[in-house]
Amino acid sequence: MNESNQEYIVISGARENNLKNVSLRIPKRKITIFTGVSGSGKSSIVFDTIAAESQRLLNENFSMFVRTFLPRFPQPDADALENLSMAVIVDQNRLGGGSHSTMGTITDISPILRLLFSRAGQPHVGPVNMFSFNDPQGMCPECNGIGRRLGVDMSKAVDKSKSLNEGAIMLPGYTVDSLDWSMLVQSGPYDPAKKLSEYSDEELEQLLYGKARKVATQFGGKMINITVEGVIEKFTNKYIKQDLKTKSERTQQTVAPFITEGTCSSCHGARLGQAALNCRINGHNIAELSAMEVGQLIRVIREIDDAIAAPVVNALSERLQHLVDIGLDYLTLDRETDTLSGGESQRVKMVKHLSGSLVDVTYIFDEPSVGLHPRDVHRLNELLKKLRDKGNTVIVVEHDPDVIKVADHVVDVGPHAGSHGGTIVFEGTFQGLLESGTLTGTHMKRPLQLKNDCRQPTGKLPIKEATLHNLRNVSVDIPTGVLTLVTGVAGSGKSTLINDVFLGQHPDAIVIDQSAVGVSTRSNPATYTGIMDDVRKAFASANKVNQGLFSFNSKGACENCQGLGVVYTDIGYLDSVKLPCEVCGGKRFKEEVLEYKLNGKSIAEVLEMTVEQALDFFQLKEVVRKLQAMSDVGLNYITLGQPLSTLSGGECQRIKLASELHKKGSIYVMDEPTTGLHMSDIGHLLAIMNRLVDAGNTVIVIEHNLDVISQADWIIDMGPDGGSKGGQVVFEGTPSQIIHEQQSITGRYLK
Ligand code: ADP
Ligand code: ADP
Ligand code: ZN
Ligand code: ZN
């Protein structure tokens with residue numbers, strides 16, 4: 001294309017965070033990939049500058065009145081930003097939404113499936129909302145469309161191997177010889193000496209579920225009329241059908257262990273009323289299709305031969321194909337979105353946009369390869385290309401060389417992190433990047449080395465006959481005292497095996513995941529790692545004052561913002577607006593506290609230091625040890641006072657790792673710890689894992705990154721594929737063995 005016809009997003013003099021007057025042109029309607037070590041400034045350009053300005057411009061389209069209600073986006077620190085279009089950020093934030101949000105609803109596939117049933121289902125049921133569990137007309141009346149209901153935990157309520165005399169009824173109130181127990185025994189045709197397992201069906205039905213009825217009975221020498229009802233029926237009416245929260249705390253505690261959430265007995269989890277469930281296409285009802293894996297569902301849909309429904313069938317298979325294309329064929333439409341992983345959530349969001357009709361949008365992706373096996377990365381690439389070919393600008397932050405390959409344009413940010421980064425070190429093609437001599441270019445050319453001197457396990461932790469989700473009776477030993485990698489394509493069962501089954505047996509394991517750290521808005525790396533306590537003490541003794549002064553949670557805090565540095569203004573029911581505190585200017589402390597110095601620096605100045613600067617500044621042994629741990633996990637560039645809420649998932653994971661590094665004899669479980677890590681930092685991460693193992697710990701890591709997998713002492717490979725085609729251990733052994741294993745997809749890629 002002629003250079004003069006090519007349009008660009010133009011950035012001049014960008015200075016957000018660590019950016020050093022960055023000027024840059026990003027070609028429109030092309031794929032541009034940002035690379036560089038973590039902390040180099042990729043997000044500062046892509047999110048804090050481009051996306052922020054697009055959002056701000058979008059808000060300016062609203063009237064002044066509406067705008068006062070919208071979150072305010074400050075203008076990014078840059079000289080000029082030109083040619084921006086609307087930006088859509090497709091990130092890894094989990095899709096919340098509760099039980100009424102499913103894969104089908106979020107991708108807009110469920111409404112089309114409902115339309116199909118209203119047109120082609122037999123016997124005919126209309127209107128279309130009869131097929132929606134979110135619609136009062138369609139939802140199962142028993143569970144209100146949730147598919148689950150509170151019920152009595154039968155295994156705890158009755159023991160059928162006992163008689164009434166032996167205490168077969170374990171619900172509260174029925175201890176042998178108690179009033180309720182005596183009434184029950186007196187009232188019925190029950191033989192108190194007979195085991196419940198020997199009762200006839202009718203007897204058992206009456207004992208457990210009998211409706212309330214009056215019975216004349218001999219009691220205390222007199223004939224009286226008493227009301228009796230089945231024990232489960234009575235418990236249900238008293239505690240489950242009524243809001244338990246209105247009962248006394250003591251009652252709640254006694255009763256709670258007997259209540260469990262189970263599948264709704266009326267719709268069997270299908271969430272819909274009977275009319276909808278009786279309606280079928282080629283023998284399947286809508287609930288059965290929603291519970292089918294997408295890979296199989298698409299075949300069933302394509303077999304529907306009905307002239308009237310043809311356009312709906314086509315629309316449906318097109319969207320389902322998008323899910324297959326992105327490697328989500330192992331998911332079902334009825335899967336609740338809040339159970340999806342970060343990577344899965346991002347891919348689901350991507351599908352939603354692919355089906356939409358927006359053009360000239362700037363799509364921004366944050367490491368879309370997360371959670372994808374090397375085998376499936378090309379599928380992601382195809383989708384990125386499709387978005388581009390529809391006339392959109394695609395901007396991606398990515399570390400995976402197989403994704404970087406599809407870039408029309410690469411921007412490498414660096415050379416290092418924090419103040420040592422913030423410049424563009426290379427711009428051009430993928431080939432150009434390889435020859436550029438930058439950290440990214442150089443690391444991409446390095447060949448993979450397989451570990452040969454694998455450690456010998458010190459013992460084993462067995463998993464026996466696990467069947468959760470897709471696991472097919474998996475029995476496998478996790479070796480102790482070594483570095484074990486759990487591998488396999490997405491949906492093969494890695495997380496189910498380790499996070500659900502293994503951690504269920506070993507709740508004492510140290511889990512290093514990507515979930516947010518820090519419970520309060522006041523948390524930062526210094527408070528999280530405990531450095532802040534030592535720093536406060538040092539300031540107090542150097543100045544001979546109380547250490548509480550140096551805490552922004554207490555006396556020393558700026559009174560206007562209570563030590564937050566920002567002030568939140570709530571406007572009605574909308575998101576609150578955050579503004580810098582006018583009194584302390586964001587420094588969080590009272591003016592007089594800032595007068596106290598430690599080696600010439602105020603407490604606010606210390607909190608503005610990066611880990612690297614703090615390592616130069618402090619000599620205190622404990623502080624240095626904690627700082628060094630952060631430096632070791634590649635977090636040199638973060639500042640001590642940066643709110644934890646501004647850290648990415650990968651950074652959160654590494655800060656957790658840093659604060660757990662000194663433990664010994666423990667089990668560590670990590671889920672994709674390379675997320676957000678540049679190739680050049682993976683060596684550091686491996687060094688830390690090895691140090692943990694050498695110190696006597698057991699380290700278990702779920703990973704797709706081949707550099708990490710190649711350095712395992714032991715590999716457990718799940719597969720062979722995802723969902724119902726997975727759930728088995730296809731290989732156990734060392735890296736040099738797995739490359740000879742035909743069955744293992746991971747082995748093939750390692751080779
Ligand atoms: P990357 O995306 O390449 O990992 P970032 O753009 O997130 O890098 O970070 C670049 C630098 O800016 C780092 O030193 C980081 O600590 C700093 N930084 C990023 N966000 C903030 C923030 N909200 N407040 C203060 N510093 C920040
Ligand atoms: P991996 O970690 O290898 O990507 P998972 O363990 O997440 O695989 O998934 C294995 C299978 O279990 C998949 O078919 C997935 O859809 C299913 N699964 C995982 N979590 C849940 C859940 N919370 N509810 C229902 N099915 C689940
Ligand atoms: Zn129901
Ligand atoms: Zn303040």
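Structure above, values below:
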read-out: C-alpha center-to-center spacing [segment 277-295, segment 493-514] in angstrom; value: 33 Å
read-out: Most to least packed among 407-415, 620-628 [average Cβ atoms within 10 Å]; value: 407-415, 620-628
read-out: Mean-position separation - Cα centroids, segment 199-222 and segment 359-406, in angstrom; value: 67 Å
read-out: Kyte-Doolittle mean at least 0.0 and Cα axial length at least 15 Å: DSSP H helices in the chain; value: 109-120, 310-325, 679-694
read-out: Share of pairwise Cα separations in the chain, more than 38 Å, in percent; value: 52 percent
read-out: For segment 200-274: rounded, prolate or oblate by the Cα gyration tensor [a/c cutoff 1.5]; value: oblate
read-out: Estimated FRET transfer efficiency when R0 is 22 angstrom, pair Ala216-Ala193 (beta carbons, to 0.05); value: 0.40
read-out: Label-point separation, Ala310 to Asn134 (7 Å along Cα→Cβ), nm; value: 3.1 nm
read-out: Separation of the Arg446 and Ser182 label points, Cα + 7 Å toward Cβ, nm; value: 8.1 nm
read-out: Peptides ranked, highest mean first, by Cβ atoms within 10 Å: ranges 451-463, 546-558; value: 546-558, 451-463
read-out: Full-extension gain in nm, Lys555 to Lys601, via 0.36 nm per residue minus C-alpha separation; value: 14.6 nm
read-out: Proximal charge balance of Ala168 [Cβ under 9 Å; K/R count +1, D/E count -1]; value: +1
read-out: Length-normalised contact order for the chain - Cα pairs under 8 Å, 6+ apart - percent; value: 15 percent
read-out: Among beta bridges that DSSP assigns inside the chain, antiparallel share in %, nearest 5; value: 60 percent
read-out: Distance violations [Cα-Cα > 24 Å] among Lys451/Lys751; Lys195/Lys464; Lys20/Lys537; Lys162/Lys464; Lys42/Lys445; Lys537/Lys590; value: Lys195/Lys464; Lys20/Lys537; Lys162/Lys464
read-out: Sorted peptide list for 635-648, 671-684, criterion being average Cβ within 10 angstrom, highest first; value: 671-684, 635-648
read-out: MRE, 222 nm, helices only [DSSP H, n ≥ 4, -39500 (n - 2.57), over the chain, to nearest 500]; value: -8000 deg cm²/dmol
read-out: Which of Asp77, Asp713 has the fewest Cβ neighbours within 10 Å, and the rest in rising order; value: Asp77, Asp713
read-out: Gyration tensor verdict on segment 340-411 (Cα atoms; rounded if a/c is under 1.5, prolate if a/b is larger than b/c, oblate otherwise); value: oblate
read-out: Contour minus Cα-Cα distance for Leu468 and Leu358 (0.36 nm per residue); value: 35.6 nm
read-out: Those residues of segment 240-262 whose amide nitrogen sits under 19 Å from the label point placed on Arg148, 7 Å along Cα→Cβ; value: 240-245, 256-262
read-out: Three-way shape label, segment 74-153, alpha-carbon gyration tensor, a/c 1.5; value: oblate
read-out: Zone residues, segment 310-336, relative to His124, backbone N less than 16 Å from point 7 Å out along Cα-to-Cβ; value: 310
read-out: Value of Rg to Rh for segment 643-715 (Rh from inverse mean 1/r over Cα pairs, i.e. Kirkwood); value: 0.95
read-out: FRET E, pair Asn59, Ala516, Förster distance 22 Å, beta-carbon r, rounded to 0.05; value: 0.25
read-out: Residues of segment 635-652 with amide N under 16 Å of a point placed 7 Å along Cα→Cβ from Ala542; value: 640-641
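Every read-out reported here was derived from the displayed coordinates using simple, explicitly stated rules and does not represent laboratory data. Everything numeric in this text was worked out from a predicted model, so none of it was measured. Here the Cβ is made from the backbone with ideal geometry for all residues, glycine too, and neighbour counts use every protein chain on show.
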